[in-house]
Amino acid sequence: MRRNRLLSFAIGLVALQVLVALLAPWLGFQDPFRQVMVQRIKPPNALNLLGTDQLGRDVLARIVYGYRTSLMTCTASVALALVLGGSIGMIAAYTRGWFDRIVMRLMDVLFAFPILLLAIGVIAIIGPNLWSAALAIAVVYTPIFARLLRGPALVICESEYVLGAKAVGASDARIILTHILPNLVSVILVQTSLLLSAAILVEASLSFLGLGAQPPVPSLGLMLSEGRNFLLLAPWPAIFSGLAILFLSFGFNLLGDALRDTLDPRMRSVAGVRA
Amino acid sequence: MTKHRFAALLASTFLASAATAATLDIAVDTAPAGLDPHLITAFNSVLIVQGNIYQGLTDIDPGLAVQPGLATSWDISEDGLTYTFHLASGVTFHDGSTFDAEDAAASLRRVQSPETASPLASRISPVVGIEVVDPLTLKLTLDAPFAPLLSSLAGIAMVPAEMETDKEALQMAPDGTGPFKFADWTPNGYIALEAFDGYRDGKPQIDEVKFHFVPEAATRQIGLVSGEYDMLPAVDPATALQLQGQPGVTLEQTRDLAYTLIGMNVTDPALADPKVREAVNLLLNRDEIIAGALFGAGVPAGPLSPALTEWALPTSDFSCYTPDVDKAKALIAESGVALPIKLRMVVLPRQDAKDIAQIAQQQLAAGGIEVELINQEIGDFVQSWKNSDFGMFVSANGGNPDPDQYFYRTFYTGGSTNVFKYSDARVDDLLDTGRNKTDMAERKAAYDELQVKLACEGPIAHIAYANLTTAVGPKLHGFVIHPMGRLSSLKDAVLDD
Amino acid sequence: MTPKFLLGRLIDLAFVMFGVSILVFLMIRLIPGDAVMIMLGANTEITPDRVAELEHRLGLDLPMPVQYAHWIGGALRGDFGTSIWTGRPVTEEIASAIGPTFELTFLAVLVGAGLSIPIGAFMAQARGRGAEVAVRVGAIAGLTIPSFWLGIVSILFVSKLMPGVSMLGYVPFSEDPLGNLQRMVLPVFALCLPMLANLSRLVRSAMLDALGQDYIRTAKAKGAGRRRVVYRHALRNALIPFVTSVGVSVGYLLGGAIVVEQVFAIPGLGRLVLGAISERNYPLVQATILTVTFAFVLVNFIVDLLYATIDPRVTR
């Protein structure tokens, strides 16, 4: 009962943020790109509930649209990593042998890089912008998904119904898609949610270092990065965007955590993943 | 450990002050890549060495006038082709050796040598003969009169003669004649200089100058306010605005020689037409850009800085500096270029440049010029700039005290930094006149015409000269700001305990 | 632990390091804007002669496989080349930057792991709905606070609270032990918070599990003190996930150090590598990344060995 309530809370928190981001254009927020020079770095007031930034843009509107940016890139990158890494992990577990050994060692090579460093390298190659940050995150998370899913997939591959399916001559693709994948859904749900939470922080770190979203794109990390230059005079863009990053990442992490409890209480000891 | 003892340790840890006597702590954003005065171009590298560790034959004062440096006087021949410098006696290098004409000659040869590949070489390119007359007399012969020579020499550091053949040593271990000598360098940490006992005007009062490398603007600001640092040299307008009125902080300001600009590639079919370039100038509202990106701390820029009082024309002389969207549209229509004009604008990775780009993007859109902003990392930016791989770019340039030093390489057909591929016969003529005539009136006339021409239809829309602001903490007295950003006044400054 | 297991892990380690070396070598060369252009810089005279001369001096005119062979051959003999900007041996540059990062990471692990045990144990005592929710929310918040944001906000806060306290930059411990520790307080805090949150939760759940186990009840019945019981038995139980988690965390700490060093102006490996990437200092980037990944791989190798020692079944 209590678990369900926590789960409902987590879902509510995430859904609220996602909905606001999705529906932003219809919710009557100001234009996040409009510069009003006479309204530069104003503290929160009736017109601009969270104040304005250094170009006189509404901080609230930029945060809401920043949610869109963050969610869009992070969802895309985690989805890509899930498809790539998940396939690698499952196929490696299913085929074993040399494929498993070589591919997983390659994953180890990627995994050996500190997350941020690998992402910085990828971005340096393709040039800093929002989508290269997304691609960088995908590259970084591919080995993580591969490693996370290979373990449970191994257990399932040894199970009697998979062995049975093999015995009756089911095709490999069919076994992976209809027998292995469905059994991994709970792991995938939990890990995707936790990694989304982490991806939001990584995206923010990259934008903070000037390697993610570029002006004038509204992005939470970029707002924080630009806002920190005005910390003494106008701390609100930096503080509010930092809080927004925290809430978003927090929501997904709580969701993953609650899902883990609900779906599989034994998974508790898996270490949280973070940049 | 008990809780109390831990608390006591924590308290004593916090209360211990690390301040040592008479150390001036300066925070800058990036570490220099090297300290060889003949190789470095980065502002922060020059800031550390020029006037502190090294000196030139001449010097440029805060009013941008040429003053004696290591040469106490000089004679110029009638035809302007021979310069004879009389050097100061009793000057020693930090290593203890004596400075004489041999060192001066070797230093100039070192800059000119292709092996050194010094970016300063072009500043003394007309010098064809370097002759040591006696230990304190140096004679330079030119192949053509070259008016900017004296101000150029201020930027060429005098190094010991044996460095002429040693291309590596000075990068890590500078050795000059300045008031401070190099002491210590922790990469990414700090560079420390200490007062030089043998300095010719007496040992400076400040014992040690430390340049700390602090990448975060917020950290530098808070550090200055909290007393951790005593000076932030050449802060950006946003920082200046924030430090204004903070307790104990004084802002020293002067007009900057450096300027922000929007460059235009004249090989672009639209920008090839001078009318379109003039339309760009008419669409840009410089006052609004200055208010927005520079927080009002600056003035609209013509091709020359108003700090060059003898040369610069007021911007009111440039017709295209009054924003006029209709006139701009009419000019574009006249040119026959179809709207919308789509351009890629690459942006220097600096906050003021990024803000200028965002504002300019909106202003240009009003005239049907659609600009896509490409924010690049510095390495990429330099590459794009160098390969002329841009429609437009937003950047910042350091200025020079003589018009020739900037104009010639930038606007002459095939000039070394003419990345715009700009070529105009009249401009080339005027540039030659300005360079080869030593008569002030003739030079002035040429540069006046050039400024008017370049301001509206040149390949650069000059945006703004910002105020050069240096923020100083309460302990430092006697610092005088220099429009070229130099810290040479530190030799006479005093530091409270 | 069998020799075969050890050998297998060593081969894996060598393979991973080999892969990393190739990846790093290619990565830095794929980045547009090469070292020569950046060295020549904007606003200077660039001629084909100068470009060719510099390329030759830096060895960039050789074919890539030859460049790699030169580099890796030297690296195996301990010669990582010279930094193309300063001309100093790369190993010297890394040696001077490794101290601050090592200290930062070491202290963060020490504080994070050290505090997590009492905090986790304390949280295990707090039962009931309110405490449960508070623990969870607190732990997740600790895990999801952006460390760079925390760093900046804490600098702002401390400078207002205790003006005049030196908390920026770095002084070696050997020169000024107190000054060193004083400057480490905030960065270590910002860096270790996520790890602390994560480990505390781990300790707590292991304790709760242990408290419910039969042998603890037995031990208690035998009269062992409550505290001793909890610590001795529960901690042994929590050891494996704990050690694994610490090992993985080291990787994240090394990454997080990049940002924290940036904020607190600490001259460590993170800043060295960021600077080296932006100036395309190939030898320095290669050697620094190799060092950092080697540290990470090595820590996890040690963790694997510990693992095998704690739980011999792993080696099968």
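Here is how the numbers come out for the structure above:
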| quantity | calculated |
| --- | --- |
| Among the residues listed as A:Leu255, A:Leu246, A:Leu196, the single one being within 30 Å of C:Pro241 (Cα to Cα), at pLDDT 90 or above, in a helix (DSSP H, G or I) and facing chain C (nearest Cβ under 9 Å) | A:Leu246 |
| 1 or more residues at positive phi and in the same structural domain as B:Gly399 (by TED's automatic domain parsing): qualifying strands (runs of 3 or more DSSP E) within the range B:61-138 | none |
| Lone unmet requirement of (1) in a helix (DSSP H, G or I); (2) within 14 Å of chain C (Cβ to nearest Cβ); (3) under 30 Å from B:Thr309 (Cα atoms); (4) not acidic (Asp, Glu) for B:Gly263 | (1) |
| Test: C:Gly59 is in contact (Cβ under 8 Å) with a residue 40 or more places away in the chain, surrounded by 14 or more Cβ atoms within 10 Å (Cβ to Cβ) and either assigned by TED's automatic domain parsing to the domain that holds C:Pro172 or out of contact with any Pro (no Cβ under 9 Å at 6 or more places or on another chain) (or both) | no |
| Within the range B:125-162, tally of residues that are surrounded by 22 or more Cβ atoms within 10 Å (Cβ to Cβ) and free of Cβ contacts under 8 Å to residues at least 60 places away in the same chain | 1 |
| Criterion (in contact with a strand residue (DSSP E or B) (Cβ under 9 Å, 6 or more places away or on another chain), among the small types (Gly, Ala, Ser) and at pLDDT below 90) met by exactly one of A:Gly121, A:Gly151, A:Gly97, A:Gly127 | A:Gly127 |
| Test: residue in the range B:205-217 that is crowded, with 21+ Cβ neighbours inside 10 Å, over 24 Å from the mean Cα position of the chain (by Cα) and at pLDDT below 90 | no |
| Single unsatisfied condition, C:Gly268 versus (1) in contact with a Pro (Cβ under 6 Å, 6 or more places away or on another chain); (2) within 7 Å of another protein chain (Cβ to nearest Cβ) | (2) |
| Elements of type helices (runs of 4 or more DSSP H) in the range B:395-466, at least 3 residues being within 19 Å of B:Pro314 (Cβ to Cβ) | B:403-411, B:440-457 |
| Members of the range C:154-176 that are more than 21 Å from A:Arg228 (Cα to Cα), more than 9 Å from chain B (Cβ to nearest Cβ) and free of Cβ contacts under 8 Å to residues at least 40 places away in the same chain | C:Ser174, C:Glu175 |
| Residue in the range B:396-418 that is under 21 Å from the mean Cα position of the chain (by Cα) and under 20 Å from A:Ala213 (Cβ atoms) present | no |
| Flag if C:Ala287 is modelled with pLDDT of 85 or more and either away from every other protein chain (no Cβ under 11 Å) or not in a helix (DSSP H, G or I) (or both) | yes |
| Residues satisfying the stated conditions in the range A:24-45, i.e. out of contact with any helix residue (DSSP H, G or I) (no Cβ under 8 Å at 6 or more places or on another chain) and surrounded by 12 or more Cβ atoms within 10 Å (Cβ to Cβ) | A:Phe33, A:Arg34, A:Val36, A:Gln39, A:Lys42 |
| Candidates A:Leu154, A:Leu84, A:Leu116, A:Leu110, filtered to the one that is under 19 Å from the mean Cα position of the chain (by Cα) and away from chain C (no Cβ under 12 Å) | A:Leu84 |
| The range B:182-215: number of residues that are in a loop (DSSP other than H, G, I, E, B) and acidic (Asp, Glu) | 3 |
| Residues of the range C:52-107 satisfying the condition of being part of a helix (DSSP H, G or I), away from chain B (no Cβ under 12 Å) and small (Gly, Ala, Ser) | C:Ala69, C:Gly73, C:Gly74, C:Ala75 |
| Within the range B:174-184, considering residues that are in contact (Cβ under 8 Å) with a residue 60 or more places away in the chain and out of contact with any Leu (no Cβ under 8 Å at 6 or more places or on another chain), the one nearest to C:Leu269 (Cα to Cα) | B:Asp175 |
| Qualifying positions in the range C:178-210 - within 22 Å of C:Val248 (Cβ to Cβ) and within 14 Å of chain B (Cβ to nearest Cβ) | C:Pro187, C:Val188, C:Phe189, C:Ala190 |
| B:Thr141 being under 29 Å from B:Lys444 (Cα atoms) and touching a Leu at 6+ places or on another chain (Cβ under 9 Å) | yes |
| Among (1) under 17 Å from the mean Cα position of the chain (by Cα); (2) more than 9 Å from every other protein chain (Cβ to nearest Cβ); (3) modelled with pLDDT of 90 or more, the one test that A:Phe240 misses | (1) |
| Yes/no for A:Ile125 being in contact (Cβ under 8 Å) with a residue 60 or more places away in the chain and either more than 14 Å from chain C (Cβ to nearest Cβ) or within 23 Å of the chain's Cα centre (by Cα) (or both) | no |
| The listed residue being touching a Gly at 6+ places or on another chain (Cβ under 7 Å), among the hydrophobic types (A, V, I, L, M, F, W, C) and touching a residue at least 40 places away in the same chain (Cβ under 8 Å), out of B:Val249, B:Val209, B:Val266 | B:Val249 |
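Residue-by-condition table, conditions (1) touching a residue at least 60 places away in the same chain (Cβ under 8 Å); (2) over 27 Å from B:Leu304 (Cα atoms); (3) not aromatic (Phe, Trp, Tyr):
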{"residue": "B:Ala338", "(1), (2), (3)": "no, yes, yes"}
{"residue": "B:Lys342", "(1), (2), (3)": "no, yes, yes"}
{"residue": "B:Pro349", "(1), (2), (3)": "no, no, yes"}
{"residue": "B:Leu364", "(1), (2), (3)": "yes, no, yes"}
{"residue": "B:Asp402", "(1), (2), (3)": "yes, no, yes"}
{"residue": "B:Tyr412", "(1), (2), (3)": "no, no, no"}
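For (1) surrounded by fewer than 18 Cβ atoms within 10 Å (Cβ to Cβ); (2) modelled with pLDDT of 70 or more; (3) in contact with a Leu (Cβ under 9 Å, 6 or more places away or on another chain); (4) farther than 29 Å from B:Pro114 by Cα, each residue gets a yes or a no:
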| position | (1), (2), (3), (4) |
| --- | --- |
| C:Phe15 | yes, yes, no, yes |
| C:Phe18 | yes, yes, no, yes |
| C:Phe25 | no, yes, no, yes |
| C:His70 | yes, yes, yes, no |
| C:Gly99 | yes, yes, no, yes |
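The values are calculated or read from the model by the stated rules, or taken from the named source; none is laboratory data. Just so it is clear, the model here is predicted, and its values are computed rather than measured. For neighbour counting, all protein chains shown are included, and Cβ atoms are generated from backbone atoms with ideal geometry for every residue, glycine included.
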